[in-house]
Amino acid sequence: MLQLLKKRVDPSELLESRLYNEQSFYGALTKDIKKAQRSVIIESPFLTEKRVAQFVKLFRKLKKRGVRVRVNSRIPYHHDNKTLEVQAWKAAKLLRSYGVKVYFYKDMRHRKLVMIDGIILWDGSLNVLSQSHSKEVMRRTVSVQLCQQMLNFTGAGRWHW
C-alpha cells in the first residue's frame, strides 16, 4: 500500500479540479454521469429512497447503452437507527430494479466517491445517494492518473463486474 502513496502524480493534473457544495454538486454530477461511456462507480455509506429516485432513470439509460453502474455502501443493519436501515434496504431494491449492481460491505466504509470511466473522480464529504440538509464539499478532478490511483487504493480496480 505504501507504494501507492509513493507513486508520483503529475502536478499539472491537479489543476483540473474544482470544488462543489451540496447545492452545485448534483447538477454537475448528473452532467458527468450522462456522458459516461463505460462505468460509473459510486461509494455512498448511506442510501435513501428520495435521493436514489433522482438517479435511477438515468442509470437505466446508461445500462441500455452498455455502461456499468455499481453502488457500494455499508450493510444497512450497521446503521444506528432503524429508519436509516429501512431506507437503505428500500433504496437498494430500487437501484437493483433499474439494473444497478449494489454491493454491501461490513467494513463500516464511510467513503464518498464517484468514479466515471476511470477519468473523472469526485471525492469529499457528501453522501451521494442520501444527502439532504447538510453542508458538504466535493471535489471534481479530471485525471486518469488520480482516478486510477483511487481505483487501486480502494481496491475497485480489482472488481469483477
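The values are calculated or read from the model by the stated rules, or taken from the named source; none is laboratory data. None of these values were measured; they are calculated from a predicted model. Here the Cβ positions follow ideal geometry from the backbone for every residue, glycine too, while neighbour counts run over all protein chains shown. Note: areas computed on protein heavy atoms with side chains; ligands, DNA, RNA excluded. Shrake-Rupley method; radii C 1.70, N 1.55, O 1.52, S 1.80 Å.
Full extension of the chain segment joining Lys64 with Tyr103 gains 12.0 nm, where the gain is 0.36 nm per residue of separation less the Cα-Cα distance.
Dividing the mean sequence gap of close Cα pairs (under 8 Å, 6+ apart) by how many residues the range 17-161 holds gives a relative contact order of 31 percent.
Solvent-accessible area of the chain (1.4 angstrom probe, protein heavy atoms only): carbon and sulfur portion equals 53 percent.
Peptides 134-140, 112-118, ordered by how many other C-beta atoms sit within 10 Å of their residues on average, highest first, read 112-118, 134-140.
Note on the chain: Cα-only Rg and Dmax are 15.3, 46 Å. Pairs with C-alpha atoms separated by more than 25 Å, drawn from the list Lys35/Lys90; Lys63/Lys90; Lys61/Lys135; Lys31/Lys135; Lys57/Lys93; Lys63/Lys112, are Lys35/Lys90; Lys61/Lys135. DSSP beta bridges confined to the chain are antiparallel in about 65 percent of cases. Taking a temperature of 25 °C and a viscosity of 0.890 mPa s, what whole-number D in µm²/s does Stokes-Einstein yield for the range 84-138 with Rh from Kirkwood over alpha carbon pairs? In µm²/s, the coefficient rounds to 189.
Computed from the C-beta positions of Lys90 and Arg139 and an R0 of 25 Å, the FRET efficiency is 0.25 to the nearest 0.05.
Averaged over its residues, the chain has an accessible area of 58 Å² per residue, based on protein heavy atoms and a 1.4 Å probe. Note on Asp80/Arg18: beta-carbon distance plugged into 1/(1 + (r/R0)^6) with R0 of 35 Å gives a FRET efficiency of 0.60.
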